[in-house]
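Engineer: One structure is given below, represented as structure tokens, and several questions about it will come after.
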Amino acid sequence: MSVSAKFEHLSAEDKWYSYWMDHKFFKSTPDERESYTIVIPPPNVTGVLHMGHMLNNTLQDVLIRRARMLGYNACWVPGTDHASIATEAKVVNKLKEEGIDKFEIGREAFLEHAWEWTHKHGGIIQKQLKKLGCSFDWDREAFTMDEVRSESVLKVFVHLYEKGLIYRGYRMVNWDPQAKTTLSDEEVIHKELNGKLYHLSYPMVDGTGSIQVATTRPETILGDVAICVNPEDERYTHLIGKKVIVPIANREIPIIADEYVDLEFGTGCLKITPAHDINDYNIGKKHDLEIIDVLDEEGKLNAHGLHYQGQDRFVVRKAIAKELDEKGFLVKAEDYKNKVGTSERTGAVIEPRLSDQWFLKMKDLAEPAIKAVMSDDAEIQLIPEKFKNTYRHWMENVIDWNISRQLWWGHQIPAWYIKGDRKNIVVALNETEALEKARAQFGAELSADDLQQEPDVLDTWFSSWLWPLSVFNGVMEPENEEINYYYPTRDLITAPEILFFWVARMIILGYELRDTKPFSNVYLTGIVRDKKGRKMSKSLGNSPDPLKLMEKYSTDGVRVGMLLTSPAGNDLPFDEELCEQGRNFANKVWNAQRLVLNWELSDIDPSDSDLAAMRWFAEKKRETIENLETSFKSYRISEALMISYKWVWDDFCNWYLESIKPAYGKPISRKVYEQTLAFFEEVTKVLHPFMPFITEEIWQNLAERKEGESICLSSWPSAEAADTAVLKQFDQMLSVVNGVRNVRASKNIALKESLELHIPQEEALAPDLRGLAAKLANLAAIEAKSDDSGLGFSFLAGKYEFFIPAGDQLDVEAEKERISKELKYLEGFLISVEKKLSNERFVNNAPEAVVANEQSKKADAENKIKALKESLSKL
């Protein structure tokens, strides 16, 4: 059969993905088979593929393709997230460039622009995931703001509200002045920034002096309502109850006492600004202090900011420090490193702000989710387990979730007020239902015009935590056939940084709505980093374009490259050379196909060497499948790839094909050929989850296939116990062949020159493998001789010493030097092993298998030393 010289990956990838899609190989509907379900961590709807997506989705595809081949009804659900903050920010900026203000055009018109933006820029990442070979059931594609998902969100909100778990409260929240919305604590990134610590002087009202306060935020003094000292601080006890004047504001405020104040920090005096610090707010509530908010939603000073009204907080910080200095209130300003909260989305410095928000009570909801992961009989496994402590810490210290956001793009909270009275609230799925409830509670005379819907939208994560349920329309519908079949899902593959944001919340909701886990296994990937260990990012310019990598190295090559060094939970040190290695591996497999398919056939009987090679490779396959089973069960995907890689490259290509390859110009036995094609088909199946495109192409070439057949639907090789005796004998034969080849290389003996080999005893090389050893090492004869007194070359293979008569080719002195060096190394090695075995603590406490392994090393080293000394004495 004629096969092209190289794999034309670009055309093949398009051809085979279209073939898979046309025949709906990835489509899943409930049937009698066991389901195997994965839901994608939904990327932003307007996002593009980056290296993190590449790793995450390749891992998911490996698992789902293998599950499909194992006979499961494999269902991988694709979809995207509406990403409230990020998407709204992009649309606002786009409108601003066009001279349009969001608030001037109003909510309805803004949402039209937002949907237009989503339709224009959405769909890109889906095409890129197809390019990656992802075997999604695309008929199930979901979007967190489509009709089905939106209805699910509203149903869950109403359910939790009616259970008394959702409430509206006036709280101190994290405010993003750039996005003009609240953020949860988990969305705040704390960074250490250089700043100043300002020491300010507040004059006593009675004229008896002043009191000093240290602050990093002098712009907030205009909102000060008290000075607080520790009641145990002898420096200030005589001042408690007296009053001071706030600099610039010229307001009188009291000096109060509270144990919260740290005697050691700064001056020991704390200015209390309840509107701008959570701790100040708590002290203010305790002492019934006034609240003065000096900042607006954009982080600019408002009317309470006096002559600084309308100026940005950071501009005012410098200006007010200068004014304080000029007026004699600034004692000193010193450099100071401070941890400052910043927005995960916009990078803006977070402003603590008092606001009416919606909250979800989390403490009781979290209890089943803690047990599901942390109990001895845990229903959900975190992989690797090291993340369990992080999970426990977050969940045991969970606080009420601020679920409202001051945005328009998102799910509008289904709550309605009586106009002019925000205390009278009804929560309902729609306006009609809300009016019915309002009339029942507040008066039958009410009309729709009397109601006003809450303008805030829900946190994006509030729709995302429904994802494993909502993609099957399974929220609040216990009799749904699809949810009963596909849920709980099997595996979730995601990043550890959203372990709480998303993973924990999905677990919480799974137990709240269906009293069961949402998935069984959570595989947490590492971060893709560059060679210098830096996280890949656009700003650093160190993140390669995944599409260009796939174009250059093939999709299969890049997939292999990504997985070669990506154990669960550990960061991936990405280097483009890994993709090159992946491509080289693909080329190796392709060239092996070309070699095999170009052989001429004959009806001759297989040789003994052929039979020996086939017998060995059959057992090697069984051993490999068993090892792969263990790796996949433990979710050691990178290890599974390396097992497959070595089996194909070393065992199949380098040894098996070399063993059965006919002499130049000679035909191969038809029986050997057919068995080799069967082996090759198994090779493609094992590699298929990792390398879907090239394996489909080769699998189609290996036999006559019908239209609609695909390796995607073929059966994964079954796991069977391997004959270890066959494997050990063959490994010994390969050691002998490598020993002969090493002698040739070190002595510059040409491969075409036949050699003789003397073996010390019969069991040193199995009789049925000697013909194959002679073929692979070009040996004219193999003789059993226990006493070799002539000159020649010796080498060790296993525990045996082999001898090659040298005639006049031996450099005696060089050979003595080589043996002496090897002897010195082995004697040192033996000392280290004996030292370990003489340690009673090691022998008594180490597992039996470990001790036995060390004893085996000792015996092996002693045998080799004995053989080398005998060789040396002969010389």
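The values are calculated or read from the model by the stated rules, or taken from the named source; none is laboratory data. Predicted, not measured: the structure shown is a model, and the values here were computed from it. Here the Cβ is made from the backbone with ideal geometry for all residues, glycine too, and neighbour counts use every protein chain on show. Ligands, DNA and RNA are stripped out before the accessible areas are found, and what is left, the full protein with its side chains, is counted by its heavy atoms. Shrake-Rupley method; radii C 1.70, N 1.55, O 1.52, S 1.80 Å.
Engineer: For every other residue with a beta carbon closer than 9 angstrom to the beta carbon of ASN402, add +1 if it is Lys or Arg and -1 if Asp or Glu, then tell me the sum.
Structural biologist: Taking every Cβ under 9 Å from that of ASN402, the sum is -1.
Engineer: Let me ask something else about it. With θ set to phi - 60°, apply the Karplus curve 6.51 cos²θ - 1.76 cosθ + 1.60 along the stretch 336-348 and write out the HN-Hα couplings as whole Hz, x wherever there is a Gly or Pro.
Structural biologist: Rounded to whole hertz, the list is 8, 9, 9, 7, 10, x, 10, 6, 4, 8, 9, x, 5.
Engineer: Starting from the Cα gyration tensor of the stretch 32-86, take the square roots of the eigenvalues, sort them a ≥ b ≥ c, and report rounded, prolate or oblate (rounded when a/c is under 1.5, otherwise prolate if a/b is larger than b/c, else oblate).
Structural biologist: oblate
Engineer: Still on this model: Subtract the Cα-Cα distance of ALA745 and ILE240 from 0.36 nm times their separation in residues, and report this length gain in nm to one decimal.
Structural biologist: Value of the extension gain: 172.6 nm.
Engineer: Say R0 is 41 Å: what FRET efficiency, to the nearest 0.05, do ARG615 and ILE498 get from their beta-carbon distance?
Structural biologist: E between ARG615 and ILE498, to the nearest 0.05, is 0.20.
Engineer: Something else: What FRET efficiency comes out for the pair ASN250/GLN453, r = Cβ-Cβ distance, R0 = 60 Å, nearest 0.05?
Structural biologist: Calculated value: 0.85.
Engineer: Using +1 at the C-beta of Lys and Arg and -1 at the C-beta of Asp and Glu, which of TRP394, VAL205, ASN863 has the Cα lying farthest in the positive direction of the dipole of the chain?
Structural biologist: ASN863
Engineer: While we're looking at this one, here's another question. Magnitude of the Cβ-charge dipole of the stretch 738-875, K/R +1 and D/E -1, about the Cα centre, nearest 20 debye?
Structural biologist: With Lys and Arg at +1 and Asp and Glu at -1, about 420 debye.
Engineer: Be a star and scan the stretch 143-180 for residues whose amide nitrogen sits under 19 Å from the point 7 Å along the Cα-to-Cβ vector of LEU429.
Structural biologist: 145-164
Engineer: Using a simple charge model, +1 on the beta-carbon of Lys and Arg, -1 on the beta-carbon of Asp and Glu, nothing else, what dipole does the chain show about its Cα centre, in debye to the nearest 20?
Structural biologist: It comes to approximately 1840 debye.
Engineer: Quick one: which of LYS191/LYS286; LYS243/LYS286; LYS836/LYS869; LYS180/LYS318; LYS285/LYS371; LYS747/LYS775 span more than 26 angstrom between C-alpha atoms?
Structural biologist: LYS191/LYS286; LYS285/LYS371
Engineer: Between LYS666 and SER754, what is the spin-label point distance in nm, taking each point 7 Å from the Cα along the Cα→C-beta axis?
Structural biologist: Taking the two extended label points, one gets 1.3 nm.
Engineer: Counting other Cβ atoms within 10 Å, keep those with at most 14, restrict to DSSP loop, and tell me which trypsin sites (Lys or Arg not before Pro) in the stretch 262-365 are left.
Structural biologist: LYS327
Engineer: What part of the accessible area of the chain, given as a whole %, is carbon or sulfur when the probe is 1.4 angstrom?
Structural biologist: It is 48 percent, rounded to a whole number.
Engineer: Please go through the stretch 584-639 and write out the trypsin sites (Lys or Arg not before Pro) that DSSP classes as loop and that have at most 13 other C-beta atoms within 10 Å.
Structural biologist: Here no trypsin sites (Lys or Arg not before Pro) fit, given the DSSP loop and packing criteria.
Engineer: Let me ask something else about it. As I understand it, the dipole of the chain uses +1 on the Cβ of Lys and Arg and -1 on the Cβ of Asp and Glu, about the Cα centre. Which of LEU446, ILE255, THR216 lies farthest toward its positive end?
Structural biologist: Farthest towards the positive end: THR216.
Engineer: Roughly how many Å² is the accessible area per residue of the stretch 147-303, as a whole number, for a 1.4 Å probe?
Structural biologist: 44 Å²
Engineer: If R₀ is 30 angstrom, what is the calculated FRET efficiency for the pair GLU848 and ASP571, using the beta carbon separation as r and rounding to 0.05?
Structural biologist: It comes out at approximately 0.25.
Engineer: Can you give the Kirkwood hydrodynamic radius for the stretch 793-875, in Å, rounded to one decimal and based on Cα pairs?
Structural biologist: Its Kirkwood hydrodynamic radius stands at 14.3 Å.
Engineer: Below 8 Å between Cα atoms, with a sequence gap of 6+, how large is the relative contact order for the stretch 1-112 in percent?
Structural biologist: Result for the stretch 1-112 is 29 percent.
Engineer: Contact order normalised by length for the stretch 69-151, with contacts defined as Cα pairs under 8 Å and 6 or more residues apart; what percent is it?
Structural biologist: 57 percent
Engineer: Another one. Want the number for GLU477 to ASP312: 0.36 nm per residue separation, take away the alpha-carbon distance, what's left?
Structural biologist: Contour length minus the Cα-Cα distance gives 54.4 nm.
Engineer: Hey, another quick one. Does the stretch 651-766 come out rounded, prolate or oblate, given a ≥ b ≥ c as the square roots of the eigenvalues of its C-alpha gyration tensor, rounded meaning a/c under 1.5 and, failing that, prolate meaning a/b above b/c?
Structural biologist: It comes out prolate by the Cα gyration axes.
Engineer: Using modelled backbone amide H atoms (1.01 Å from N, in-plane), which distant-in-sequence or interchain residues come within less than 5 Å of ILE759's amide H?
Structural biologist: GLU783, ALA784, LYS785
Engineer: In addition: What list of ³J(HN,Hα) couplings, whole Hz, do you get for the stretch 294-301 from phi and the Karplus terms 6.51, -1.76, 1.60, once you set θ to phi - 60° and write x for glycine and proline?
Structural biologist: For the stretch 294-301, the Karplus curve yields 9, 10, 9, 5, 9, x, 9, 6 Hz.
Engineer: Write out the trypsin sites (Lys or Arg not before Pro) in the stretch 661-691 meeting two conditions: DSSP loop, and at most 15 other Cβ atoms within 10 Å of their Cβ.
Structural biologist: Listed in order of number, the matching sites amount to none.
Engineer: For SER718 and ASN279, calculate 0.36 nm times their separation in residues minus their Cα-Cα distance, and state this gained length in nm to one decimal.
Structural biologist: 151.8 nm
Engineer: Could you state the accessible area per residue of the stretch 584-691 in Å², with a 1.4 Å probe and every protein chain left in place?
Structural biologist: Accessible surface, normalised per residue, equals 41 Å².
Engineer: Please determine, in degrees from 0 to 90 and to the nearest 10, the orientation of helix 608-633 with respect to the longest principal axis defined by the Cα atoms of the chain, where the helix direction is its Cα long axis.
Structural biologist: The answer is roughly 20 degrees.
Engineer: Could you provide, to the nearest whole Å², the per residue accessible area of the stretch 413-556 with probe 1.4 Å?
Structural biologist: Accessible area per residue: 41 Å².
Engineer: Next up: If a paramagnetic tag sat 7 Å from the Cα of LYS799 along the Cα-Cβ line, which residues of the stretch 750-766 would have the backbone N under 13 Å from that point?
Structural biologist: Within reach of a label on LYS799, which here means backbone N under 13 Å from a point 7 Å along Cα→Cβ, the stretch 750-766 contributes 763-764.
Engineer: Something else about it: Out of all Cα-Cα pairs in the chain, roughly what percent, to the nearest whole number, are more than 45 Å apart?
Structural biologist: I get 48 percent for the Cα pairs in the chain exceeding 45 Å.
Engineer: Please compute the contact order of the chain in relative form: average sequence separation of alpha-carbon pairs under 8 Å and at least six residues apart, divided by the residue count, as a percent.
Structural biologist: Once divided by the residue count of the chain, the mean separation gives 12 percent.
Engineer: Rank PHE136, ILE350, MET51 by how far each Cα sits towards the positive end of the charge dipole of the chain (+1 on Lys, Arg Cβ; -1 on Asp, Glu Cβ) and give me just the farthest.
Structural biologist: So the residue furthest toward the plus end is MET51.
Engineer: Something else: Using 7 Å Cα-to-Cβ label points, what is the GLU385/ASP603 separation (nm, one decimal)?
Structural biologist: My value for the distance between the label points is 6.1 nm.
Engineer: In addition: Let me spell out the model: positive unit charges on the Cβ of Lys and Arg, negative unit charges on the Cβ of Asp and Glu, origin at the Cα centre of the stretch 708-810. What dipole size does that give, in debye rounded to 20?
Structural biologist: The calculated dipole for the stretch 708-810 is roughly 360 debye.
Engineer: Decide, for the stretch 282-394, between rounded, prolate and oblate: order the square roots of the alpha carbon gyration tensor eigenvalues as a ≥ b ≥ c, take rounded if a/c falls under 1.5, and otherwise choose prolate if a/b is larger than b/c, else oblate.
Structural biologist: Prolate shape, in that a/c is at least 1.5 and a/b is the bigger ratio.
Engineer: Next question, about the same structure. Treating the angle as unsigned and between 0 and 90°, give the value, to the nearest 10°, between the Cα long axis of helix 147-162 and the longest Cα principal axis of the chain.
Structural biologist: The two axes meet at around 60 degrees.
Engineer: By DSSP, what percent of the beta bridges with both residues in the chain are antiparallel, rounded to the nearest 5?
Structural biologist: Counting only bridges with both partners in the chain, antiparallel ones make up about 70 percent.
Engineer: Can you pull the one-decimal nm distance between simple spin-label points at ASP731 and ASP262, each 7 Å off the Cα toward Cβ?
Structural biologist: 6.0 nm
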